[in-house]
Every structure is written in structure tokens, then in C-alpha cells.
1. Say the dipole of the stretch 383-470 comes from +1 at the beta carbon of Lys and Arg and -1 at that of Asp and Glu; which of 465, 454, 393 then lies farthest toward its positive end?
2. Normalised by the residues of the stretch 10-478, what does the relative contact order come to in percent, with Cα pairs under 8 Å and at least six apart?
3. Compute the FRET efficiency between residue 5 and residue 300 as 1/(1 + (r/R0)^6), taking r as their Cβ-Cβ distance and R0 = 30 Å, and round to the nearest 0.05.
4. By counting other Cβ atoms within 10 Å of each Cβ, how are 435, 40 ranked from fewest to most?
5. Can you tell me, using C-alpha contacts under 8 Å and at least 6 residues apart, the relative contact order of the stretch 329-483 as a whole percent?
6. Would you mind checking 308/418; 14/95; 95/222; 14/443 for any pair whose Cα atoms are more than 27 angstrom apart?
7. Once you list every other residue whose beta carbon is under 9 Å from the beta carbon of residue 360, what net charge do they have if Lys and Arg are +1 and Asp and Glu are -1?
8. So what is the 222 nm mean residue ellipticity for the chain from helices alone, if each DSSP H run of at least 4 adds -39500 (n - 2.57) and you divide by all residues, rounding to the nearest 500 deg cm²/dmol?
Amino acid sequence: MSETRPYPQISSFKSIAAFCEHVAALGLDLPADDSILTGTTSPLAQPIVNCLINGRRIGNRWATQPMEGWDGTPTGAPTDDTRRRWRRFGESGAKLVFGGEAMAVRVDARANPRQLVINDANKKSLAELIAIVRKAHREHYGTDEDLVVGFQLTHSGRFCRPNDNRRSEPQVAFRHPLLDRRTGVTDDSQVLRDPDIQAIIEDFVRAAQIASDVGADFVDLKHCHGYLLHEMLAAHTRPGRYGGSFENRTRPLRDMVAGIRAAGVKIDLAVRLSAFDTVPYHPDPPRDASGRPGPGVPDDFASCLPYKYGFAVNHANPVEPDLTESFAFLELCGELGIKIVNVTGGSPYYNPHIQRPALFPPSDGYQPPEDPLVGVARHIDATRRLKAQAPPGMVLVGSAYTYLQDYLPHVAQAVLRKGWTDIVGLGRAILAYPTMLADAVMKGAMNSRQICRTFSMCTTAPRNGEISGCYPLDPYYKSKRKG
């Protein structure tokens, strides 16, 4: 494979017209406005008027997405690096800080040894994060009365690495014929028993109480990206009260909500959901002559049909999504009083091109098997379909916008105007350029030198034991590179 990329870079399109021409050539339904609108004319600047979170109105239509931090202390408390990141969340102008980053509900549930842990020992430092993000927002935008801040609560399940970044310590919902080998699952002792699940549910309830105590407006009960609660949704082959039927597979969520309410915790609830998935992918060839991984191809699933190891996939052809149960899950969220659903898909561990479309893969990934704009459109379409069936007053947040780069505001405006989502979520783009949409709305333009080009260093660096951050574009992290 030559160094020439198989798909054009977004920066190669010198106008919105050229971008739209390429989108049309791909046959995608990906709307885009001709120009960036500013001030009160911008769809991005409009408040959410039909839903209050902890008594607060969300003041605009973009959010910072939760990411997995790699820069906490060994005991899961924030460091100065963490605090800087949260200050930049506040400076971003987003009126919804959706979780900020994933916080493990117990030490052994961490995906890396530097992930934050939400427990009593860390309450004071977690309260400081809330204060930091609010103070920064007030200083830049005058008020934080319309700023809503939440914590994402997680258990990493199959992807637990709480003690050593190189050693997997998986806690799984069921044996998976394709993922077990990748994640170090070798026998049934690593499958969580029903009492183990019940104890984890109690951990989420305690974490929600702590989040409320330190001033969070809501908690996200994380059901995405292959982590434990997402894997529970796929537990078709698990026996007992947490497996098999849709009712059983959603029991953890229902029991968490019931536990939080029974404990008298006065906090609003959200869920980040992988609303579609596919089978694990791998590079083929593993490395080419230049040392780059080959394009991603699906693992051989022929012996696994009908495929009962994923959520919202076509059991007869699991490389295709099937949103039937995602619609049912959204309805359940409405019944449970969950106010925000953040829509994402796939997993960064086993099909990253689905979860975060990018032209440049992380070190443990593969070359994209499709133009990444196809992945962006897949996310936007799934959110559109879910939004059409969402209960009144429920707020939906869309994902996978970062790859749009220079044309992110054009697409975000159009999607919001069409009512395909309520809020546009930004993750890794915020690491490089926190104020990108604030600049777009206030100035009608963004600084092209700061825009994330999806080089994936924010993933590759932590995979190699370095802290979270944007190494190509943020001088703060450039100065911290090892070697």
C-alpha cells in the first residue's frame, strides 16, 4: 500500500460546494448549509426550551462529549492535567458538558490505571471539577445559569485494565466467540454472576449519590462502546435474570434507576447508548511493507450465526445494524424518566471506524474500510431515526461530527434545522480546539490551524502509556511527548 490515502482528506475540499459534491458522489444523505450562520440566527445558538435538567435550561445546541481520561492519580483523583481539560470544557461555550469524561464506579472497573474513580475518597476533588468548569464558563460567557454539567458513570467490563495498562483484567457479561481471545477471557470464572451484577448496580447508585452531593446536574449511566452495560444489552446467551429477553437484558438499567430513586437521590438521568454495532474488525494485512496496518475487515463470523453476541445488529448478517431494539430501549428510557439520550455506535476497541470515523487510525487500529464520511452519515441517520420516535421532552445528542472538520458547522446547522437531533456532540475535536463552535457562532469562521484532523494521537498516546490530550495541535501536550 502506498502512502497515498484511499479517500480524500476533508482539507482537500476548498469550498462547501466541493465538499457537498463529494458527499453527493458517495450517495449520502448528509445535509449542509451553504454558510456559517452567526448570533441568534444560528441553529446552534438556540436554547432547549422543552426540558429542564436540575432546573436548568440548556442554553445552546452543542455539547462536550465524555471521553476516557488517562491522567488521574493512581487512586482515581483528578490531576492538574485533568483540571486543565475541564477548564477548557467550560471555555468551549457548550452549554451541555455531557459527562466530561468517564468515571469508574469502582477501582477495579477502570479501563486504565489513570482513569477517574467516583467514590467518597475523591468527592472533594470531583467537586472542584464542577467549580472549575462553571467558573471558566462564567468568565468567558458571563453566566453559567444555562450551563448543564453531568458525570458519566462507567464500568469497563470486558475492557478493565485497572492496575496495568498492559494487563487485561476482564469482567464480562457472557462468553463471546470473537472477543474472548482479544480481551484475555479464557474461562467461565471471568463471567460476572448475578450477585456480582447486583453489587455493581449498587455501585452505580452510590456513585449517583456522590455526583449529586458534589453538584453535578445529571449522571450518564453509560451503555455504549462495548463496556459492561452495553455488553449486558447484548447478553442474549446469558442465563438468569440479566440475560436472554429484552426485559432481562435491560434489567440493570431499570434496577439502577429504581435504586437511585429509592435512595432519594435528587439528580437527573441520562444514557449514552451505542444504538448500533457490528462484529469485531481486524486489519488485513496486519502490516504492509511500510509498517501501516491494512484496511479493516470483519472477523469471520460464519460459525457464529445466528449472531447473538451484539446489540442492535442483524442476527442473520451482523455487519448490518438493526435499530429495532434501540427503539424499544429509547421507549424504556422515556418510561424511566431519563431526560437525555446521547446516541453513539460501535466500540473503539473492536470496530473503531464505526464509533469514531477517521482517516488516520490509532496504533492498534486499521485503515478505514470506507470513506469516513460514510460513518458520519451512519451516525447522523441513526440519530435522526431515533429522534423521530423519541418521547416528548427527551433530548437527543448526536455524535461523530469531528471528522467533518472545516464543514462541521455547516452540517451541524442543517441537521439541527431539520430536527434530526437536538444537540450536536463534540469529543476529540474539543481537545484540539475547545472554542471551535463558539468561534463559528460568534465570528462566522473557525481557525483552520486548530481543527482536529483525526490523526488519532489522542488514542495512540494513551495506548502507549502517555496522558490524554491532542499532541499534534496543543502545545501543552507537544511539550509532554516522551522521547
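Please treat every number below as a calculation from the coordinates, not as lab data. Note that the coordinates shown come from a computational prediction; the quantities given were computed from them, not determined experimentally. With ideal geometry, Cβ positions are generated from the backbone for all residues, glycine too; neighbour counts draw on all protein chains shown.
1. Value: 393.
2. Reported as a whole number, the value is 17 percent.
3. Details: r = 27 Å, r/R0 = 0.90.
Once rounded, the FRET efficiency stands at 0.65.
4. 40, 435
5. Values: 218 pairs, mean separation 33.2, N = 155.
Normalised by residue count, the contact order of the stretch 329-483 is 21 percent.
6. In this structure, 308/418; 14/95 exceed 27 Å between Cα atoms.
7. Local net charge: +2.
8. So the calculated ellipticity at 222 nm is -9500 deg cm²/dmol.
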